[in-house]
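To start, the structure under review is shown below, and the notes come after it.
The values are calculated or read from the model by the stated rules, or taken from the named source; none is laboratory data. Remember, predicted model here, so these are calculated numbers, not experimental data. Using ideal geometry, Cβ is built from the backbone for each residue, glycine included, and neighbour counts are taken over all protein chains shown.
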Amino acid sequence: MSENRTRDLIGAIKNKGKTMEAEMSFFDHIDVLRKHLLRSLLAVVIFTGAAFWWYDILFNTIIMGPDKPDFWTYRMMCKLAARFPSLGPDFCITHINGKIINTEMAGQFTLQINSCIMTGVVFGIPYLLFELWLFIKPALHEKERKSARGFVFFASVLFFIGILFGYFIVCALSVNFLTGFSVSPTIENTFTIDSYLSSISTLTIGTGIIFELPVVIYILSIFGIMTPKFMRASRRYAIVIILVIAAIITPTPDMITMMVVAFPLYLLFELSIFISAYIERKKNKELYGTSKAPKI
């Protein structure tokens with residue numbers, strides 16, 4: 001009886017030791033993740049400080065750019081209207097309606113703080129992805145590392161392409177429409193600077209996140225959650241969703257503006273199908289020695 005108790009005690013001690021070792025390993029991983037996140041936060045702080053240093057350019061040229069009739073997008077639209085008269089005279093934007101005001105005592109100070117932090121976060125995202133990759137990389141096998149090579153680069157490129165598309169296309173068209181929209185001539189369009197900055201940042205960063213769709217599909221395809229067959233079968237539903245998204249982020253009544261936004265989103269969807277199909281062929285080749293899975 002005493003021998004059994006001794007064995008049980010020894011077994012309990014061993015199990016407790018394994019549990020403590022696992023807990024220590026878990027907390028070690030948390031500590032490593034904390035260091036990666038702190039370095040990412042430092043990068044955001046550095047970019048935020050740079051935004052403070054060049055704030056005149058950031059505010060007058062970038063943030064307030066879509067509110068000026070000489071903005072690059074509006075000039076290109078006027079050139080297109082001159083080249084293709086069928087677009088109509090309204091396609092050329094020469095005046096931005098509406099007036100931007102500040103209604104709070106600390107409003108402009110808060111504007112500077114928020115816009116600088118937002119800029120720091122946007123430019124710090126690629127480094128954040130790099131730090132997350134360094135954290136995940138040791139847990140991957142050699143094949144997984146090779147298949148995920150270039151993840152940070154392509155994710156960052158897609159994000160900044162989305163940022164540029166959101167800023168020069170989505171923001172410009174939305175600002176022009178919303179500042180000029182009126183239900184009654186007796187109502188004057190006067191917007192607060194907080195509302196303007198919120199709209200600009202939401203549309204720009206939101207479009208940048210949407211452009212990460214191929215990366216998301218790539219990850220889901222690796223885990224077998226998403227397949228090209230399912231995406232092809234869902235293409236008609238995806239087109240409807242894309243048109244709804246385009247109608248929401250560009251609240252303009254004309255079809256041309258909506259299609260300008262919807263077409264790149266549809267190209268992203270088709271690119272995602274291509275990526276998912278590539279991952280499936282690669283998996284089948286590793287498992288069966290051919291790019292097609294055998295029929296069962």
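Quick check: is even one residue across region 91-102 assigned to a helix (DSSP H, G or I), of a type in the set (D, E, K, R) and assigned by TED's automatic domain parsing to the domain that holds Asn189?
No - not one qualifying residue is present in region 91-102.
Mind counting the residues in region 221-250 that are surrounded by fewer than 11 Cβ atoms within 10 Å (Cβ to Cβ) and among the aromatic types (Phe, Trp, Tyr)?
The total comes to 2.
Confirm whether Phe153 is touching a residue at least 24 places away in the same chain (Cβ under 8 Å) and out of contact with any Ser or Thr (no Cβ under 8 Å at 6 or more places or on another chain).
In short, no.
Quick one: in region 173-213, of everything that is polar (S, T, N, Q) and more than 23 Å from Leu111 (Cβ to Cβ), which residue is surrounded by the most Cβ atoms within 10 Å (Cβ to Cβ)?
The qualifying residue surrounded by the most Cβ atoms within 10 Å (Cβ to Cβ) is Ser182.
Examine region 212-222 for a residue that is in contact (Cβ under 8 Å) with a residue 12 or more places away in the chain, within 30 Å of Ile101 (Cα to Cα) and aliphatic (A, V, I, L, M), and state whether such a residue exists.
No, region 212-222 contains no residue that is in contact (Cβ under 8 Å) with a residue 12 or more places away in the chain, within 30 Å of Ile101 (Cα to Cα) and aliphatic (A, V, I, L, M).
Where the second residue is surrounded by fewer than 16 Cβ atoms within 10 Å (Cβ to Cβ) and part of a helix (DSSP H, G or I) and the first is touching a residue at least 12 places away in the same chain (Cβ under 8 Å) and of a type in the set (Asp, Glu) and lies in region 190-201, which pairs have Cβ atoms under 8 Å and are six or more apart or on separate chains?
Every condition considered, the pairs that remain are Asp194/Gly107; Asp194/Thr110.
If you check Leu134 against the conditions, is it closer than 27 Å to Ala172 by Cα and in contact (Cβ under 8 Å) with a residue 12 or more places away in the chain?
No, not satisfied.
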